[in-house]
Amino acid sequence: MSYQDFGRNHARCNAHRLRELVAAGEAHPEHTWPRIAMKTLEQLNTAAHTARDDGPDAIPAHIVDPLISRFVRTVHLGLLLHPPDRGRKQSKTRNLLVRLCDHQQQVLLFARNLTVPFTNNQAEHDLRMIKAQLKISGGRRTHHGAHVWLRVRGYISTARKNGLHIITALRDAIAGNPWLPTTIEIA
């Protein structure tokens with residue numbers, strides 16, 4: 001089970017992508033594409049912060065479109081420079097490039113939707129405990145049991161982030177009066 005199994009609108013943590021791009025640049029100092037990809041992600045992040053500060057609900061197209069285009073071209077250049085190996089096992093750099101290409105929408109979601117942060121460290125922190133328990137206990141016995149457990153953990157996490165007393169929130173939910181957060185539409 002991986003992080004994307006927990007929801008369709010999962011944004012990739014770009015702090016991780018930057019670390020992987022640094023490693024790719026160190027492994028292949030003769031290539032410029034890792035530095036260009038990092039710089040482009042950082043420029044997109046700066047543009048997202050500026051757009052949030054200035055009040056529009058999106059990064060202006062004349063800024064975001066060329067940056068996204070540069071990022072996509074850079075990833076494709078990297079894929080050309082790192083063709084697939086014959087065996088099943090691919091290099092870390094090739095795997096990174098394939099992920100950046102295949103999950104481009106998730107990697108760049110922060111630039112298209114300003115409610116999405118550049119990093120999702122909080123979301124990964126929430127899931128880390130789940131992943132650790134799955135490793136320790138050997139996983140859930142049933143698919144339904146996993147979903148029930150995740151629903152309760154998600155409720156507790158959301159209540160905590162909204163400043164609610166956890167025991168009170170759980171008691172109210174069991175009594176039939178659950179607290180419900182406001183919803184945010186993600187395009």
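Taken together, the values in this text are just the output of simple stated rules run on the coordinates, not laboratory data. Computed from a prediction, not measured in an experiment: that's the story for all the values here. A quick note on method: Cβ atoms are made from the backbone with ideal geometry, for glycine too, and the neighbour counts reach across all protein chains shown.
Just a few scattered comments:
- On full extension, the segment bounded by Leu180 and Thr158 gains 7.0 nm, given 0.36 nm per residue less the C-alpha separation.
- Cβ-Cβ FRET estimate between Leu114 and Arg171, R0 fixed at 41 Å, reported to 0.05: 0.70
- In this label model, Asp102 and His144 are separated by 3.2 nm, measuring between points 7 Å along each Cα→Cβ vector.
- Highest average packing first - 156-165, 75-84, Cβ atoms within 10 Å: 75-84, 156-165
- Sum of side-chain charges, Ala48 neighbourhood, beta-carbon under 13 Å (Lys, Arg +1; Asp, Glu -1): -2
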